[in-house]
Amino acid sequence: MLTSITRQIIRKLPAPLTVPASSGFGTVAYRAFATSGFPPPRLFDYETVTSNLTVADAIESVEQAFKALAKGKVDVPMPMHIGIEESSVAGPGDCHIKGGYVAGTPTFTVKLACVSFYKNVEKGLPPGSGIFIVVNAVTGAPLGVFQENRFMTDLRTGAAGAIAMKYCTTPEQDVVGFIGCGAIAKNMARAAANVRPYKGIAFAIDGAEDFASEMSAELGLPFEVASSARELCGKSDVIYTQTPGGSTVLEKDWLNPKGVTIIASGSDQPTKCEIPPDVLAASKYISDLTKQTSKVGELRSAIAAGVMTESDVYAELGEVVNGDKPGREGSEIIVVDLTGTGAQDAAIGEVAWNKLSQI
């Protein structure tokens, strides 16, 4: 027997579709189980994802996402962080969950990224992994699960780096330095090449020579290796920093006095920082999302040091993209703080679904 509350709920469900009598489902039963009619989401494995997506695919969509974000047209909650404490049965590691919806688009995305599982290296496995879940914004049903293992994350981060270079530098700033030469640096280098040609300089504790050789061959641009971060800073007009973020990677008196744009992407947790507080305080500081950078980005360390508050933020990147505020104005220090937003995840998620669902 149905309770009165159950009857009220059933009356609010969609009208039942016609089903064969042989199905064994009565009208009430079919209404209650109608949601089982969604097809399963498609699974795209890592090889499919990496073989079909490039950073160039992401730039336009991420730029549009930043525009929408600045206009308040993106629902992007604060990231969730799960810390996996090391024990005999787990960790150490971290899990980040981000997501977002850009108004007027047909999908939204939720991303789960696992990082810093360093014991994996002993097992011959990478220390990070992750999936994107792209969802139909009309029905709420998952469309696709993308096993990207941070590949799509790195693409959308690189795309944000290209947008920062496009709007926060001038064409005369054609010497670009890379501090940290891992996977994200490669995407930054590729993305920057989509903005304009440049001369590259690389520095890292390990891997700078290989990075410079690979990027020069792939992009057809000259790259050299600096002997120190100080040397790189003195020569560079634009500096990308993409290190693990455990300690600062440059100093104020190392920077080019003619003006420099620093595009920092290493900080995405409360324990990380790449840029010293005095550099941040002296800069035209631009965040990707201030409510995020004040908690997990470079701004957090400047606030903690007492040299900045949120009111000292010049602009969010989307405001510069929209033309609400100018980018570079003379020989100033600009810091663009990229912590990675759910808006970017939504953007690359939609691009991935549109492209890979046709395969």
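All of the numbers you see were taken from the coordinates with simple rules; none came from a lab. Predicted model, so just to flag it, every value in this text is computed and none were measured. Note: ideal-geometry Cβ built from the backbone for every residue, glycine included; neighbour counts use all protein chains shown.
Looking only at 197, 127, 277, which one moves most when the chain is put into a Gaussian network model with springs between Cα atoms under 10 Å? Largest GNM mean-square fluctuation: 127. Out of all DSSP beta bridges with both ends in the chain, state the antiparallel percent to the nearest 5. Bridges in the chain that DSSP calls antiparallel: roughly 45 percent.
What order do you get for 323-329, 120-126, 202-208 when each peptide is scored by the mean count of other beta carbon atoms within 10 Å, highest first? Please list the in-between numbers first.
Numbers: 323-329: 14.3, 120-126: 9.9, 202-208: 18.7.
In decreasing order of mean packing, 323-329, 120-126, 202-208 become 202-208, 323-329, 120-126.
Charge dipole (Cα centre; +1 on Lys/Arg Cβ, -1 on Asp/Glu Cβ; no other charges) of the chain amounts to roughly 1620 debye.
Take every pair of alpha-carbon atoms less than 8 Å apart whose residues are at least six positions apart; their mean separation over the length of the chain yields a relative contact order of 18 percent. Solvent-free Debye calculation, one equal scatterer per alpha-carbon of the range 77-148: log10 I(q)/I(0) at 0.11, 0.28 Å⁻¹ equals -0.36, -1.21. Any idea what % of Cα-Cα pairs in the range 292-339 are farther than 11 Å? Here the tail beyond 11 Å accounts for 71 percent of pairs. In the chain, helices alone account for a calculated mean residue ellipticity at 222 nm of -10000 deg cm²/dmol, with every DSSP H run of four or more residues adding -39,500 (n - 2.57). Counting only the Cα atoms, the range 25-154 fills a convex hull of 172 Å³ per residue.
Ranking 158, 354, 264 by how far each Cα lies toward the positive end of the dipole of the chain (charges on Cβ) leaves 354 at the top.
Hey, what's the Kirkwood Rh for the range 194-270 if you take every pair of different alpha carbons, in angstrom? Write down the numbers at each step before the final one.
Working: mean 1/r = 0.0749 Å⁻¹.
It is 13.4 Å.
Spin-label model, residue 141/residue 97: points 7 Å from Cα along the beta carbon direction are separated by 2.3 nm.
When the alpha carbon coordinates of the chain are projected onto the principal axes, the ranges are 79, 45, 42 Å, largest first.
Calculate, for residue 235 and residue 307, the FRET efficiency according to 1/(1 + (r/R0)^6) with r their C-beta to C-beta distance and R0 35 Å; round to the nearest 0.05.
Values: r = 27 Å, r/R0 = 0.78.
Calculated transfer efficiency: 0.80.
Highest mobility in the GNM of the chain, judged by mean-square fluctuation with C-alpha springs under 10 Å and restricted to 79, 92, 244, is found for 92.
When the convex hull of the C-alpha atoms of the range 270-359 is computed, what volume per residue in Å³ does it have?
On the way: hull volume 11.0 nm³, N = 90.
Dividing the Cα hull volume of the range 270-359 by its residue count gives 122 Å³.
Taking 7 Å steps out from each Cα toward its Cβ at residue 80 and residue 196 produces label points 4.3 nm apart.
Take the alpha-carbon positions of the range 261-307, form their convex hull, and give its projected area averaged over all directions (one quarter of the hull surface) in nm². Provide the component values of the computation, followed by the final result.
Values: hull surface 11.6 nm².
The directionally averaged projection comes out at 2.9 nm².
For the range 196-326, the calculated P(r) over all alpha carbon pairs, in 5 Å bins from 0 to the bin holding the longest distance, is 2, 10, 18, 21, 19, 15, 10, 4, 1 percent. Springs join every pair of Cα atoms under 10 Å in this Gaussian network model of the chain, and among 297, 83, 128 the largest mean-square fluctuation is at 83. Remark: spin-label model distance residue 258-residue 123 equals 5.1 nm, labels positioned 7 Å along the Cα→Cβ axis.
With R₀ set to 35 Å, the beta-carbon distance separating residue 218 from residue 88 gives a calculated FRET efficiency near 0.20.
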